[in-house]
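To keep things clear, I will list the structure first and then write my remarks on it.
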Amino acid sequence: MDMTGARELARALMDEHGLHRWSLEFDSAKRRAGLCRYDTRAISLSRPLTALYSPAEVRETVLHEIAHALAGPKAAHGPKWRRVAREIGATGQRCVAEDAPTVPAPWVGQCPAGHRHERFRRPTRPMSCTRCRPGFSVDHLVLWRFHGREVDLGSRYHSELADARARYRRPMLPL
Ligand SMILES: [Zn+2]
Ligand SMILES: [Zn+2]
């Protein structure tokens, strides 16, 4: 299926099922067709696999990921996810490559509001929580742990963080 058609189909299905505030992305994965990203509220489709799929297969992939978005991260591929998938019209058949197995990410971060973020690579730059506020904000900084432990993220990280703090510091308003 061509990308324009896939984009329109996916967007229409996402809106139909209430995911108006979720974004649609494309990635270059070759072993899984789709991905549901709870941290950034995005559904991502593999460009190379989408190009190979029929419209029916793309539709199935998108519905599979929409069901993940609606069922929540804890449902995985369990009964709750299967029920939602059937309700929204996914066949539930494995006609397309299964999405990525849920390998736990070694880097887990939390913003001050408790939103969870995961990374497979060491964060090299300060990151703030986009669920709390779009764009960088030192007030919504994500604090990272590696396999549950606090670790030093290195001098580059610290100097960028110091710069960011200096840049974004606002004068305290008198109460
Ligand atoms: Zn899945
Ligand atoms: Zn947050």
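The values are calculated or read from the model by the stated rules, or taken from the named source; none is laboratory data. Source: prediction; values computed, not measured. We place every Cβ from the backbone using ideal geometry, glycine too, and count neighbours over all the protein chains shown. The area values use the complete protein model at the heavy-atom level, side chains included, leaving out ligands, DNA and RNA. Shrake-Rupley method; radii C 1.70, N 1.55, O 1.52, S 1.80 Å.
Which Cα, out of Leu52, Leu63, Ser23, lies furthest along the positive dipole direction of the chain (beta carbon charges, K/R +1, D/E -1)?
Positive-most Cα among the choices belongs to Ser23.
Taking amide hydrogens as modeled 1.01 Å from N in the peptide plane, which residues meet the under 5 Å criterion relative to Ser23, leaving out close sequence neighbours?
Those lying under 5 Å, H to H, from Ser23 are Ala42, Ile43.
When only DSSP loop residues count, what trypsin sites (Lys or Arg not before Pro) in region 105-175 have their Cβ near at most 14 other Cβ atoms within 10 Å? Walk me through the intermediate numbers first.
Details: sites: Arg116, Arg119, Arg121, Arg131, Arg145, Arg149, Arg156, Arg165, Arg167, Arg169; in loops: Arg121, Arg131, Arg169.
Within region 105-175, the qualifying trypsin sites (Lys or Arg not before Pro) (loop, at most 14 other Cβ atoms within 10 Å) are Arg121, Arg169.
Going from most exposed to least, what order do Phe120, Phe136, Phe26 have by accessible area with a 1.4 Å probe? Don't jump to the answer; show the numbers that get you there.
Numbers: Phe120 130, Phe136 65, Phe26 30 Å².
If we order Phe120, Phe136, Phe26 from most to least accessible, we get Phe120, Phe136, Phe26.
What does the charge dipole of region 107-168 about its Cα centre add up to, to the nearest 20 debye, if the Cβ of each Lys and Arg holds +1 and the Cβ of each Asp and Glu holds -1? Spell out each step's value before the answer.
Numbers: 12 positive and 6 negative charges, 37 e Å.
Here region 107-168 has a charge dipole of around 180 debye.
For Asp2 and Arg156, compute 0.36 nm times the residue count separating them, minus their Cα-Cα distance, and round to one decimal in nm.
So the extension gain works out to 51.3 nm.
Along region 65-73, what does the Karplus equation 6.51 cos²θ - 1.76 cosθ + 1.60 (θ = phi - 60°) give for ³J(HN,Hα), rounded to whole Hz, x for Gly and Pro?
Those phi angles translate into 6, 4, 4, 4, 4, 6, 7, x, x Hz.
Averaging sequence separations of C-alpha pairs under 8 Å and six or more residues apart, then dividing by the length of the chain, give the relative contact order as a whole percent.
Once divided by the residue count of the chain, the mean separation gives 16 percent.
Per DSSP H run of n ≥ 4, the term is -39500 (n - 2.57); total these for the chain, divide by its residue number, and report the mean residue ellipticity at 222 nm rounded to 500 deg cm²/dmol.
Working: 5 runs with 60 residues, N = 175.
Result for the chain: -10500 deg cm²/dmol, rounded to the nearest 500.
Relative contact order (percent) for region 1-74, with alpha-carbon contacts under 8 angstrom and 6 or more residues of separation? Please report the intermediate quantities before stating the final value.
Details: 94 pairs, mean separation 25.8, N = 74.
Relative contact order comes out at 35 percent.
Within the chain, what whole-number % of the accessible surface is contributed by carbon and sulfur, with the 1.4 Å probe and all protein chains included in the calculation?
54 percent
Between Glu118 and Asp15, what FRET efficiency comes out of the Förster formula 1/(1 + (r/R0)^6) with R0 = 30 Å and r the beta carbon distance, rounded to 0.05?
0.65
With unit charges on the beta carbon (Lys/Arg positive, Asp/Glu negative), name the residue among Ala75, Met1, Leu13 whose Cα is farthest towards the positive pole of the charge dipole of the chain.
Ala75
Taking R0 as 35 Å, what FRET efficiency do you get between Arg145 and Ala56 from their Cβ-Cβ distance, rounded to the nearest 0.05?
On the way: r = 42 Å, r/R0 = 1.21.
Computed FRET efficiency for Arg145 and Ala56: 0.25.
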